[in-house]
Amino acid sequence: KRSWKQSITNIKNYKAELENIDKAILSKEDLLKERITIFNKYFSEISQKLYDEQFVLSYDRNEKGYELNISTISGNPGTGKKKGQIAAFDLAYIQFADEIGVECVHFILHDQIENVHNNQITSLLNEIVSNINCQYVLAVLRDKLPDDINVEQYKILSLSQQEKLFK
């Protein structure tokens, strides 16, 4: 009986603690809206340059908390467009963090960029990444890059059967 009473007391304490946490989270909703607005300024700008449409980050509040969503004008994006969304998101986050003074890593590593259409790869490398304070690393085969990209300008390391990383 003593354990049962202690359990009931513990449950009441936990519920009260959770209510306080929920209130604290809800008190920050205005800050969340403000920060998402700042982030979307960069995210929509980058996606406009890449796809001529604006991606937007939004949130839905439910019983579990907040769920973040990325909205686009067109329906379900394919694999390449999803990779483009990820690139836009990561680059926008760096700009967002710099604006609000949050420390972050200015380093992005993406793989399978060859799934992105050549027009977007060209825009990404020639117009967008070059204007953002970051190091953007792509693991890609040279023949998968568009012809209008000057690989030598961006190349840091090149590997081949003769030139291996760990020799």
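Quick one: would you say Ile156 is open to solvent by less than 30 Å² (accessible area, probe 1.4 Å), farther than 19 Å from Gln48 by Cα and not in a helix (DSSP H, G or I)? No: the conditions fail for Ile156. Glu17 - would you say it is surrounded by 12 or more Cβ atoms within 10 Å (Cβ to Cβ), among the acidic types (Asp, Glu), in a helix (DSSP H, G or I) and free of Cβ contacts under 8 Å to residues at least 60 places away in the same chain? It is false that Glu17 is surrounded by 12 or more Cβ atoms within 10 Å (Cβ to Cβ), among the acidic types (Asp, Glu), in a helix (DSSP H, G or I) and free of Cβ contacts under 8 Å to residues at least 60 places away in the same chain.
When Ile108, Ile121, Ile113, Ile46 are checked against the criterion of being over 26 Å from Leu26 (Cα atoms), of a type in the set (A, V, I, L, M) and modelled with pLDDT under 85, a single residue qualifies: Ile113. Tally the residues that are farther than 15 Å from Tyr42 by Cβ and part of a helix (DSSP H, G or I), restricting the search to the range 121-144. The qualifying residues number 9.
Quick one: would you say Glu34 is assigned to a strand (DSSP E or B), charged (D, E, K, R) and either modelled with pLDDT under 90 or open to solvent by 90 Å² or more (accessible area, probe 1.4 Å) (or both)? Give the steps one after another, and end with the answer.
Numbers: assigned to a strand (DSSP E or B): no; charged (D, E, K, R): yes; either modelled with pLDDT under 90 or open to solvent by 90 Å² or more (accessible area, probe 1.4 Å) (or both): yes.
Against the criterion (assigned to a strand (DSSP E or B), charged (D, E, K, R) and either modelled with pLDDT under 90 or open to solvent by 90 Å² or more (accessible area, probe 1.4 Å) (or both)), Glu34 does not qualify.
Residues that are open to solvent by 80 Å² or more (accessible area, probe 1.4 Å), aromatic (Phe, Trp, Tyr) and out of contact with any Cys (no Cβ under 7 Å at 6 or more places or on another chain) number at least 2 in none of the strands (runs of 3 or more DSSP E) confined to the range 55-120.
Please enumerate the residues belonging to the range 43-54 that are among the aromatic types (Phe, Trp, Tyr) and open to solvent by less than 40 Å² (accessible area, probe 1.4 Å). Spell out the reasoning first.
Taking the range 43-54 as the starting set, the residues that turn out to be among the aromatic types (Phe, Trp, Tyr) are 43, 51.
The one that is among the aromatic types (Phe, Trp, Tyr) and open to solvent by less than 40 Å² (accessible area, probe 1.4 Å): Phe43.
Filter the range 102-135 down to residues that are under 15 Å from Leu50 (Cβ atoms) and in contact (Cβ under 8 Å) with a residue 40 or more places away in the chain, then give me how many there are. Here the count works out to 6.
The values are calculated or read from the model by the stated rules, or taken from the named source; none is laboratory data. Here the structure is a predicted model, which means the values were calculated and not measured. For neighbour counting, all protein chains shown are included, and Cβ atoms are generated from backbone atoms with ideal geometry for every residue, glycine included. Note: accessible area is taken over every heavy atom of the protein model, side chains too, but ligands, DNA and RNA are not part of it. Shrake-Rupley method; radii C 1.70, N 1.55, O 1.52, S 1.80 Å.
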